[in-house]
Each structure stands twice: as C-alpha cells, then as structure tokens.
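J.: Could you have a look at this structure, given as structure tokens, before my questions?
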Amino acid sequence: MSSARSRGWAVLLLLPALVVVLVFFVYPVFALSARSFLEPTPGFSQYVDLVTNETTVTILVRTLVVALLVTVVTLLLAYPYAYLMSLFGPGMRTFLLFLVLLPFWSSLMARTFAWIVLLQPSGPVAGFLGFLGLDGVKLLGSQLGVTIAMTQVLLPFMVLPLFNTMTGIDRRLLSAAHSMGASRFRAFRTVYLPLSVPGVAAGSVLVFILSLGFWVTPRLIGSPQQSLVGQLIETKVGKLLDFPGAGAISVVLLVITVVLLLAVGGGVRALVPGAKTDGGRDDG
Amino acid sequence: MTDRSATAAQPAPTTRTGGVRLDRVTKRFRSGTIGVDDVSLTVEPGEFVTFLGPSGSGKTTTLNTIAGFAKPSSGRIEIAGADVTALPPSKRNLGVVFQNYALFPHMTVRENIAFGLHGRGLSKAEIGARIEESLAMVRLDGLGDRTPKQISGGQQQRVALARALVYRPPVLLMDEPLGALDKALRDRMQVEISRIHREVGTTFLFVTHDQGEALGLSDRIVLFDRGRVVQVGTPAELYERPASLFAAEFLGESNVFRGELAGPGALRFGEQTLRCMGDGPASGSAAVVVRPERLRLVGTADASGRADASGGAARGAIDPAARGAAGAENRVEARVVNIAYFGAFRRVTLRYADGSSGLLHDGVDAPAPIALGDPVVVGWDAEHAVVVPVPAPAEHAA
Amino acid sequence: MDETTRAGWGLRLWAILVAVLLVAPLLVVVPISFAEKRSFKFPPDGLSVDWYVNLFTDQRWTSAIGTSILVGVLVTLICTVLGTAAALGIHRLGGRVAALVTGVLVAPMIVPGIVSAVAIYSVYLRWQLTGNLLGFLLAHTVLAIPFVIVTVTSSLSTTDPMLERAAASLGAGPWRTFVRVTLPAIAPGVGAGALFAFVTSFDEVVAASFLQSPAIRTLPIEMFVSVTNEVDPTIAAVSTVILALTTAIVLLPAFTRRRPSQKASSS
C-alpha cells in the first residue's frame, strides 16, 4: 500500500493546497518577518526600537494583561458550563451546545456591533450599573469595555475544547472514587480535574492566542489612547507604512504563539499517555 | 477491464480450482521487524486451511500478502497457478472477509453485495439473480434493503461472507471473522461457514487465534509462531502429534514432563524413566507431552509420598481396574491442587514433584473419590505420550 | 441520577448566567434593526422596517452583499476541493512529512489574525492584489483552507481503514474506491469543512479591511465602515439577517440528523 506509486499520488494530492498556502500565506508572513531584520539596515535595530519605545512596550504589556484576563474569565465562566453540558442527557446537552454554537458561528462584526449598542453611554449595561449605584463608568472607548466584549466573543472557544475533553472522561471513575470514600469535592479535585486538564490547556491557549491577535473588537470598542497590539500594527502599516516595524511586533506575537503551542502540545501529549503510538502494525 | 477477462470464464461454483502457493515469502516492516519469515506453503484447491497462532505471530501479515494489502519483501505468491506477487488487491480476484466486516455503512446490504459484481461483464438480470442467490446462501433473504447498522453482528458477518463470495472468487480469505461475535453466535457461524465451504467448493483461508475454531473448521492447520510456520497438519495431527512445546501448549492443554532423553522413547524424569513414542529425538533436553484426557488416576500415594497403586484399591480409594487403567505404562505421583466441575468432565489440576502443574480430565460416570490436597498417582500409555525438544531457556523466555 | 451525576443549584445558576451571556448580547441587534429613527437607542422608540428596505435597495449594501457571496462561494469551492485533496494526500502519506505538511497547511489558523492580515497586505500590495477580487479570493482561501483540512482529516481518521481494503478486494480500482466508498464516508467532514470555509470568508474582517478599496468591499467591511463613520441602523438589519441565517445553519443538523448512532460509534 505504501509503495512509491501511492506515495507519488499522495504528494500530487496535497501539492496544490501546499503551493497556494506557501505562496500566498507562508511567504508573506516570512517576508514581513524578514523585513524587520533587514530594514532599514540588516540587524536588530527594529527590535531595539521596540523595547526602547515606551509606548510600544506599554501596549504590548497591556495586550498581554488583557489576553490573560480574558483567558482567566472565560475559563471561570466556561468550565462549570461545559461540566454541566457533559452531565446532561442528549436533549439538554444539544440545547446548551446550540447556545454556544450560535455566537460561535455568528458574524464577528454583528457581535461587535451588538456590544457597541450595549456599552454605549446610557445603553443597557450603563443603565444596569447605574441601577447598582455605579454611575459614570466609561464602557465604550475603555479597556474595561474591550475586555468585557472580548470575553463574550471568545467564550465559545473556551467552552468547546472543555466540552470535548469532558465528554471523553469516564464518569465511572468518579463513582469509583466515591466508593473508596472520597467526598464529592475530593473526587472532583483528584480525579475529574486532572483528567480535564488537556481541555483547559487547549481552551486557554486558544483564547489567549486569539486575544493577542484581536483587532476588530478593540478597534471599534476601545480607544486609540488605550490601544492593543493589533491596533498598533494597523497604525504602523495603515498610517505610517512602517512594514519593518509592524514586522518586528508580528515576530514577537508569532514567537509567543509558537512557544505557547509547543508548551501545550507537549504538555497535552504528556498528560495522555499512549494517546497516539505509531509503529509497525501487525495484528496477526 | 482486467477483472472481466479474469472472471469471464468463471467455472461453476462446485468445480474446485484455485490453490494458493507461497514460495519463501518474507515480509520485513519499515521499522525493521520481521512480520513473516521465509514462509512456504501450498494450499490445495477447495481446501479449508486455517492460519493459527498467537497475536504477532505473522498469520494476518501472511494473509495480507496473499490479499495484496502487504507487499512481501521477498518471495513469490501464486493464486490458481498465476503469479500475483506484483498485482494490486483489486486485480487478484479474491474474496476477503474482514475482522470487523468492513461493510460499507452508506450502502444497503444489497448494494454491499452488488459492489463486487461491478465490471465483471454481468447483465443487470444476472447481477440481481446472483445477489438473491447469495442472500439465500447466507440465509438473509428479505434483509437486502437494510443498512449494515440495522442488522445484528451475526447478520453483518453473513453479509460480509455473501459480499466476498458473490462473484465466485477461487479463494476466500477470512481474517478473524468470528472475533467480534459472542460465544453462542461464534459456534453457530462455525457450522454455517463449514456448510458454505462445502456448498461453494472455494478454497478457504481462515486466520484465527482461537484453537477451537481451527480444530473445528479446518482440513489443515498452519501453526505460526514469531513469523514462522512451525507445523502444518490436520487438526488431529497437530493435537495428537505436536512437533514442539509451543505447538503442544498453544493447541490444547498438556501435561509437560521435562527431562533428559535416555535413548529413543525414554525420558529421564527425576528418578523415573518415562516411556513414550520413539519417533522423536533420542538425546538431549526434551519433554514428554500428555493430553489431560489421556491421563488417568491409577491410585493414591501414601503419606510418605511413595506410590502405592495396589494399596489404593485396598483402601477403597481408587480402583484402577474399574477405571480401566491397569495397563498404564507410566506412573507419576502428584498432588491434587484444584478440582473444577465442567459438566462433561471434571478438571483436576495437579502439582507434580518437580513443581510443574498439570491437568487431568476425569470422567463424570464414576468420579474418583479425591479431594484437594490428596496425593495421587496418575498414569498413561506410552502411545499417548509425545516427545518434543525443549528450547534453550533464554529462547524460551522470549 | 446518582451522586456523581447530580448537578447542584449553584452550578445550574452559573450555567444559566453563562447561557444568557452567550446569547443575549446577540439579540440586542434585533430591536435596533426595527428602529424608527436613525439611532442606536436601546430599546428603540418607534418601529419601522426602513433599515431592511435600505439594506436591500442601497447600492452600497447590495453590492457588498453580492461581493461577499461571490467571494464566499468561490472560496468555498476552491478550499473544499484543494483542502479535501490535501487531507487525502496527508492521510495516505503518513509519517513525519505528513505532519510537517499539516503544520504548514493549518498555519493560517494559528498565526494571530492581525499578523496574517498585515503580512498578506504587505506582499499583495506589491503583487497588485489589493482592491480586486483575486486578492480577496486568495487571502480568504489561505485563511479558510485549514478548516477543511482539519474537518476532513478528522473524518478520515474515524473512517474504518478496512473499507478501502474491502473495496480493493472486491475488484474496485482507486477511482471507484474513492467515489463509491471513501468520499461517502468522509462526506460529513467535507460538508462541515465547506461550511466553515464559507463562514470564514463571509465573516472575515481583518485581512479584508486592508485589501479593500471603496470600489470593492465585502459585507463585514461595509459594516465596519458604517459603524466607524455614521449611525446607521442598517447594520442592525444586516446583523439580524445574519443572525437568523446562522440560527438556521446551527439548527440544520438537529433536524436533518439521520444517524443518531454517531455518538455510539465514536465512544
């Protein structure tokens, strides 16, 4: 089956997609990154500028903080929800899944617009806060508003990996723990929680990475004074045509992304022993 | 295209054509492990041959090289007299029944069966007739419009058989086809497979690790171990005359007495000399193999452990004459470790003086009055004892 | 329900809160879309369907809808064909090379959105692929193809590999095996991938905002421009229509599901 001929076929099948992605995606990313090292002169001048420019550093740190905050809040919101989904029977589970998939599949622009309506001065959220006695909190055009909107927009990306992992957990293990005298809390902490870690890791990294590269929501709900890194890159390219500078920040984002993925990739695999073992297969 | 020319002149189903010949077939995997090691084999047309062996012994890999799913690293494969070594599976004109049936889930039973009739130059009417005929053969008339998910495991098995036989291939390959069924259904399907084999006259090659299936179905058994063929013979030959300790222990249960050979048909076991069939090796380390149903209780031993065959009768414990054991040529002391009731017989687990354990099948008509812990004497006739060589300890550990 | 499957009230309350948070913000666009006045005031003062009329008559909006559908359909076709072929190739190839190729092909899904967009823009600008249909097609194709690869690959990995062997043993050549056995088996994955590709393209804002020109805008870009420059409840009407279509898409599988045993076979 794995003859040279069938390998030839396999290569032929994947070649068109590979060429398209290499030429129209990988090359642009590579070229942009390369410019950060080559212009205006070969070297690390772009990176020196980057770390010495206070505004840039502030924006990078702010972006990391917001991304972390969004990740933690979505995890706190999503974990119990996904847990409950995995507990329920098919009917209720489908309904809860529908509630996640609806925003997941909905237009990002539509959802961001909805948040503009919600967060506008004298809008519903401001009204609610006023009812609680919190008057005059600035939502639209503030970091708080951006964080709230991003949390809601990215929530499905946390629920889905968690749910996927949790449906794969054998609940009889909890019964076993109870039978050995563990309390509900102890059984959860010592059995369920460790088994759900791959889902937590996958969801967290996904949400964190998406937060880092988010542009639309901060751009429309935030303010230029409190911009995130996406807006910084856009400004450099759109207004200043500073591609090398944008490339340098891009490289920083790429490195963070790759490191996170490698860390979780290795971590998840280490947590699931024997999930995938390759090798000569002979069942005879 | 090629399929058509190969099958246009298909003979009537009862004509027995289509043997299989393997000539020094070796399969080395990319990882370097050897799946099949220099296997040569001839299967006669119409024969029912079983490849038996533990998992990893190379039996499925050998079947895969015949089917064309695995390309042998060296060697030659002939089907019905033609060299097929270089042909892809689709050009070999074989029937294959897979372990989990591999029925196409999106097709009905009828469409599954019809799949293999495509491109064989048959008219629509002929195809329809063939399908009905094979549905009838596997006793599934009326279920043609169901999908595989709508029928039971046993019925899926029958569809797989019908699908693989409907275009009348000269050879049918089956890879552990009964593995997914429960015990009762397995027994029923064994009978069915035997019947179908008699009806169609096709050569059947059947892979299993279940000795019961191998003994019950086969004309001949090919026993595999670690990629090699270690013995070929009829079920009776393999059971009565195992050629190796592996054969004796894999096929059926045995009492194994290890010792040194002291000439043809004589094995030194402790202080005793055991008499056995003299056609094995004459010197070196060896073992005498005796099947549990050939072993008989011939007496009890006294507390000091000395054999006391005659005294046993005096105490009324065991009457060897009544048990037809008077002539037992070999006698060995043992201790009863366990007694289990199996309906047709009692299975007595024994511990011999050298520490090895053994089994004895005791008839239920006149059960011997023995209890756990009793010292007993067991005996057997030389003609039921086979000598096999004992492999060196290191090799045996593997 | 035994001890281990009982959900406490705290948990239920929390889940209800999350459910509201997931869906409620989507729904505020509906009342706005029926507003009488040009305002985002919530709830609106009077009711009208003016903004829907505007959406389907204003040439600015209709041409954006047309562009988005055209780009979306073409991208879906390209991605489905190329992505399915690539997934099949990867599946057959196996090993390290396949893992490497997969890594390259799903990279657009992993690279942060703004980085992809700026990188694409910087090179497409030189290649004169900005402000025209081809640029949109290429950018959206590379951004959407990972979804097809992922869904088809996962379909392939859950398909019984013995089915193809069975087809071969029954005399079927590679093409007949593919058309009659493999393709039907992976059809759900191909369908899901195609849907993902269309939605990805139809929804894409970031790269499109760099590649657009006033002459060629997709619907999300028109929405972006509208919400940045003016107060026009037409965007609420667009959002409501999209929300309705999304609901239909998400509910579709629930009504057309013919194989309830999907879960049984995968567990």
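Each value in this text was obtained by applying a stated rule to the coordinates, not by laboratory testing. Note that this is a predicted model, so its numbers are computed, not measured. Note that each Cβ is placed from the backbone with ideal geometry, even for glycine, and that neighbours are counted across all protein chains shown.
J.: Quick one: check the C-alpha center-to-center distance for the stretch B:178-220 versus the stretch C:40-60, whole angstrom.
T.: 74
J.: Remind me, what semi-axes does the stretch A:1-63 give for its equivalent ellipsoid, largest first in whole Å, using sqrt of 5 times each Cα gyration tensor eigenvalue?
T.: 42, 14, 10
J.: Using just the C-alpha positions of chain A as equal point scatterers, what log10 of I(q)/I(0) does the Debye formula give at each q in 0.08, 0.12, 0.13 1/Å?
T.: For chain A, the Cα-only Debye profile gives -0.50, -1.00, -1.11.
J.: Percent of Cα-Cα pairs more than 18 Å apart in the stretch C:1-135, please.
T.: For the stretch C:1-135, the share of Cα pairs beyond 18 Å comes to 78 percent.
J.: Okay, next question. For the stretch A:13-162, take the alpha-carbon Rg, divide it by the Kirkwood Rh, and send me Rg/Rh.
T.: Checking Rg against Rh, the ratio lands at 1.10.
J.: Between residue B:228 and residue B:149, how high is the FRET efficiency from 1/(1 + (r/R0)^6) when r is the Cβ-Cβ distance and R₀ = 45 Å? Nearest 0.05.
T.: For R0 = 45 Å, the calculated efficiency reads 0.65.
J.: Within a 10 angstrom radius of the beta carbon, how do B:107, A:150 rank from fewest other beta carbons to most?
T.: The most exposed by this proxy come first: B:107, A:150.
J.: Could you tell me, in Å, what Rg and Dmax come out for the Cα atoms of the stretch C:50-221?
T.: Computed over the Cα atoms of the stretch C:50-221, radius of gyration and Dmax are 19.0, 64 Å.
J.: Taking a cut-off of 33 Å, what percent of all Cα-Cα pairs in chain B are separated by more than that?
T.: Every Cα pair in chain B considered, those over 33 Å come to 45 percent.
J.: Let's test the formula: R0 of 51 Å, r as the Cβ-Cβ distance of residue C:99 and residue C:36. What FRET efficiency results, to the nearest 0.05?
T.: According to the calculation, E is roughly 0.30.
J.: Separate question: Grab the beta carbon distance between residue B:23 and residue C:249, set R0 = 60 Å, and tell me the FRET efficiency rounded to 0.05.
T.: Efficiency, from the Cβ-Cβ distance: 0.50.
J.: Quick one: if you stick a label point 7 Å off each Cα along the C-beta vector at residue C:12 and residue B:82, how many nm between them?
T.: My value for the distance between the label points is 7.0 nm.
J.: Quick one: what do you get for the stretch B:223-275 if you divide its Cα Rg by 2.2 N^0.38 Å?
T.: 1.32
J.: Now for a separate question. So how do C:124, B:341, A:83 line up by other beta-carbon neighbours within 10 Å, fewest first?
T.: In increasing order of surrounding Cβ atoms, one gets B:341, A:83, C:124.
J.: Taking every pair of alpha-carbon atoms in the stretch B:45-176, what share in percent sits in each 10 Å bin, from 0 to the bin with the longest distance?
T.: Bin by bin from 0 Å, the calculated values are 12, 39, 34, 14, 1.
J.: Taking a point 7 angstrom from the Cα of residue A:68 along the C-beta vector, which residues in the stretch A:17-57 have backbone N less than 17 Å away?
T.: Of the residues in the stretch A:17-57, A:57 have backbone N under 17 Å from the label point off residue A:68.
J.: Pairs of Cα atoms under 8 Å, at least six residues apart: use those to get the relative contact order of the stretch C:26-134, whole percent.
T.: Dividing the mean separation by the residue count of the stretch C:26-134 yields 11 percent.
J.: Cut-off is 10 Å between beta-carbons; in what order do B:203, B:42, A:52 appear when sorted fewest neighbours first?
T.: Ordered by Cβ neighbours within 10 Å, fewest first: A:52, B:42, B:203.
J.: Looking only at other chains, what is the average number of their beta-carbon atoms within 10 angstrom of each beta-carbon in A:5-16?
T.: That average works out to 6.
J.: From the alpha carbon gyration tensor of the protein assembly as shown, can you work out the equivalent ellipsoid semi-axes (sqrt of 5 times each eigenvalue) and give them in Å, largest to smallest?
T.: Three semi-axes, in Å: 70, 34, 27.
J.: Principal axis extents for the stretch A:87-214, Cα atoms only, whole Å, descending order, please.
T.: Each principal axis gives a Cα extent; for the stretch A:87-214 these are 56, 33, 31 Å.
J.: Percent relative contact order of chain B, based on C-alpha pairs within less than 8 angstrom and at least six residues apart?
T.: 15
J.: Divide by every residue of chain B the summed helix terms, -39500 (n - 2.57) for each DSSP H run of at least 4, and state the resulting mean residue ellipticity at 222 nm, rounded to the nearest 500 deg cm²/dmol.
T.: Helices in chain B give a 222 nm mean residue ellipticity of -7000 deg cm²/dmol.
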